[in-house]
Every structure is written in C-alpha cells, then in structure tokens.
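Trainee: One structure follows; several queries about it will come next.
The values are calculated or read from the model by the stated rules, or taken from the named source; none is laboratory data. Worth saying up front: this structure is predicted, and the values here are computed from it rather than measured. Cβ coordinates were reconstructed from backbone atoms using ideal geometry, including for glycine residues, and neighbour counts include every protein chain displayed. Areas reflect the complete protein model, heavy atoms only, side chains present, ligands, DNA and RNA absent. Shrake-Rupley method; radii C 1.70, N 1.55, O 1.52, S 1.80 Å.
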Amino acid sequence: MKVKTILVSQPAPKAAQSPYFDLMNKQKVKIDFRSFIHVEGETSREVRNQKIDFLSFSAVIFTSRNAVDHYFRLAEEMRVTIPDDMKYFCLSEAVAFYLQKYVVYRKRKIYVGTRTFDDLMPLIKKHKSEKFLLPSSDKVKQTMIDKMNSLNVEWKRAVLFKTVVSDLSDLENVFYDILVFFSPSGIKSLFENFPSFKQNDTRIAVFGNSTVKAAEEAGLKIDIAAPSKETPSMTMALEKYIKEVNK
C-alpha cells in the first residue's frame, strides 16, 4: 500500500529547514507531528521529600535542557541562590550553550562532553573531590547510574521532572499510513490512549533498540527501523521505504 500520511510522535521541528519538510516536498506525503508524551516538573515539596539540598553539592551534571530548566526553576521556587563557584558538567555543547539562559557563561566553571555520557565520564573523574548532583527525569537508563557508581565519586540523583503520557483522544478516529516512534514511552502512550488499538494496515517506524523492543513486546509489526548503516536517520529510513512502496 502506498504511503500518503505519516504521524511523527514528536513536536514539529522549530527550524525552518528540516529533513522532514524535505521529505514531504520530495515524496509528496503529508507529515503531522504530535507529542505522545510530555514533561512535567516536580514540585519543591517532592524534591524536599527526596532529601535534596541543592547547596550541599559543589557540581551539577546536566544531560539535557529539561534538566537545566527544572534545576533552576526549583532553585528559584525554593529560594536557593546557586553559588557562583558551582561547577557544571554538560553532556554536550548544545546543553552547555543552553545553560547561558541562566548563568553568565564566561564567569562559570563549565565542563563539556562531546556527545555521550561516556565522553563526560573522564571529566567527572578528574574532579573526584566534588560532590555531584545529577538532575534527571523519573526515567533514567540503568547504565548511566552504573557508570556514575563506577567512578567512585560522591553523587546523588535528583528526580526534578517526569515523563507523562499526553492526551491523544482527538486522534481516535484519525488514521495514518505510518506511525513513527522514538521511545518506549511513545509506544506506552499509544496503548494507554487506545487500549484496543489494532495495527491492521498501519506501518510502524521505530528508532533505537529500546523502542524496537517495546514495539515488539506490545505486539506491533515493525516495518521501518532506524538507525542502520544504510539509513542512520529516521527521515532517511522513511524515504527509503516510501520510495519502495510508492513506485
């Protein structure tokens, strides 16, 4: 069956230029975007219940912009003034650049990894004497916790925000040729919103091994999977599939 409509379970790209827009124009398909999950911040009371005192830490590890936002939001709510000598360890340049929203960059001690948590580990290890806070969501890969424990540094995780299933009830009678998922949470949201969902002729596209596993466990047939050597991005995988079926 030919592909005419695609639903991507993420927010629409903010940039004027995006591979998704190129895909729409080149392959003449309609692509809609909708977040199947969203982030909600924890309250200051919930953070206190975790026995988290921001001022008892000398360094903060930021792995996402959400972590940055909710760390400073809660500090303000709890009337905590973050000291100027706080050290910040950022997963990537993008996260470090975002940090400028809250601190004067040139006046702070900021350490930046290149892309993955493994890249950040040597920097953390070099500062063993620091006491680290890891702001996170309610869902963190166990591998990250194991890696932090392996460094033999003093650290604590603070759950400052959580991933919540979005209300998709308005999509109940809307059908797409392809549904695109990027996380197990997206798969969970589909079935929480539509417990009686039947795949029928809908094609399923998934990104990442954990999403593949979640889709298979949910009984879905996977038609498109990325990344691969041939198609390292989801848009490339979608284009390859569409070219084949829309001949």
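Trainee: Is there any pair linking a residue in segment 173-197 that is open to solvent by less than 20 Å² (accessible area, probe 1.4 Å) to one that is of a type in the set (Val, Ile, Thr) and in a helix (DSSP H, G or I), with Cβ under 7 Å and at least six apart or on different chains, and which?
Mentor: That search, which allows pairs on different chains as well, returns Phe181/Ile187; Phe181/Thr211; Ile187/Thr211.
Trainee: Within segment 58-65, is there a residue that is surrounded by 13 or more Cβ atoms within 10 Å (Cβ to Cβ), farther than 29 Å from Thr211 by Cα and touching a Lys or Arg at 6+ places or on another chain (Cβ under 7 Å)?
Mentor: yes
Trainee: Return the pair list, or none, for Cβ contacts closer than 6 Å from residues in segment 85-101 that are over 21 Å from Lys131 (Cα atoms) to residues that are among the hydrophobic types (A, V, I, L, M, F, W, C) and assigned to a strand (DSSP E or B), at least 6 apart or on different chains.
Mentor: Final answer for the pair search is Glu93/Val112.
Trainee: Which condition number does Met148 fail, the rest of (1) part of a helix (DSSP H, G or I); (2) in contact (Cβ under 8 Å) with a residue 12 or more places away in the chain; (3) more than 30 Å from Phe132 (Cα to Cα) being met?
Mentor: The one condition Met148 does not meet is (3).
Trainee: Filter segment 58-95 for residues that are touching a strand residue (DSSP E or B) at 6+ places or on another chain (Cβ under 8 Å) and over 22 Å from Lys139 (Cα atoms) and give the result.
Mentor: Result: Ser58, Asp85, Met86, Lys87, Glu93.
Trainee: Let me ask you something else. Can you pull out every residue in segment 141-171 that is open to solvent by 40 Å² or more (accessible area, probe 1.4 Å), farther than 20 Å from His127 by Cβ and among the aromatic types (Phe, Trp, Tyr)?
Mentor: none
Trainee: Output the qualifying pairs, or none if there are none: Cβ atoms under 8 angstrom, residues six or more apart or on different chains, first residue in segment 8-36 and of a type in the set (D, E, K, R), second residue in a helix (DSSP H, G or I).
Mentor: Short answer, once both residue conditions are applied: Asp22/Thr235; Lys26/Glu239; Lys30/Met24; Arg34/Leu171.
Trainee: Which of the residues belonging to segment 1-42 are more than 22 Å from Glu172 (Cα to Cα), surrounded by 11 or more Cβ atoms within 10 Å (Cβ to Cβ) and under 21 Å from the mean Cα position of the chain (by Cα)?
Mentor: Answer for segment 1-42, where residues must be more than 22 Å from Glu172 (Cα to Cα), surrounded by 11 or more Cβ atoms within 10 Å (Cβ to Cβ) and under 21 Å from the mean Cα position of the chain (by Cα): Pro13, Ser18, Pro19, Tyr20, Val39, Glu40, Gly41, Glu42.
Trainee: Then there's this: Of the numbered conditions (1) open to solvent by 100 Å² or more (accessible area, probe 1.4 Å); (2) not in a helix (DSSP H, G or I), Lys125 satisfies every one except a single condition; which is it?
Mentor: If we test Lys125 against (1) open to solvent by 100 Å² or more (accessible area, probe 1.4 Å); (2) not in a helix (DSSP H, G or I), just (2) comes out false.
Trainee: Which residue pairs have Cβ atoms under 7 Å apart, sit 6 or more places apart or on different chains, and have a first residue in segment 225-247 that is touching a residue at least 40 places away in the same chain (Cβ under 8 Å) and a second that is open to solvent by 70 Å² or more (accessible area, probe 1.4 Å) and assigned to a helix (DSSP H, G or I)?
Mentor: As it stands, the answer is Ser233/Pro19; Thr235/Pro19, since those pairs meet every condition given.
Trainee: Of all residues in segment 111-122, which are part of a helix (DSSP H, G or I), open to solvent by 40 Å² or more (accessible area, probe 1.4 Å) and under 24 Å from Lys162 (Cα atoms)?
Mentor: Asp118
Trainee: Name the residue that is surrounded by the fewest Cβ atoms within 10 Å (Cβ to Cβ), counting only residues in segment 73-99 that are touching a helix residue (DSSP H, G or I) at 6+ places or on another chain (Cβ under 7 Å) and in a strand (DSSP E or B).
Mentor: Tyr88
Trainee: Here's something else I'd like to know. Do you know which residues across segment 10-45 are under 17 Å from Asp177 (Cβ atoms) and outside any strand (DSSP E or B)? I'd like the intermediate steps shown before the answer.
Mentor: Of the residues in segment 10-45, the ones under 17 Å from Asp177 (Cβ atoms) are 20, 23-24, 26-34.
If the condition is that a residue be under 17 Å from Asp177 (Cβ atoms) and outside any strand (DSSP E or B), then Tyr20, Leu23, Met24, Lys26, Gln27, Lys28, Val29, Arg34 are the ones that fit.
Trainee: Still on this structure, please answer the following. Restricting attention to segment 214-234, and to residues there that are of a type outside the set (A, V, I, L, M, F, W, C) and in contact with a strand residue (DSSP E or B) (Cβ under 9 Å, 6 or more places away or on another chain), which single residue is farthest from Pro19 (Cα to Cα)?
Mentor: Across segment 214-234, the extreme among qualifying residues is Glu216.
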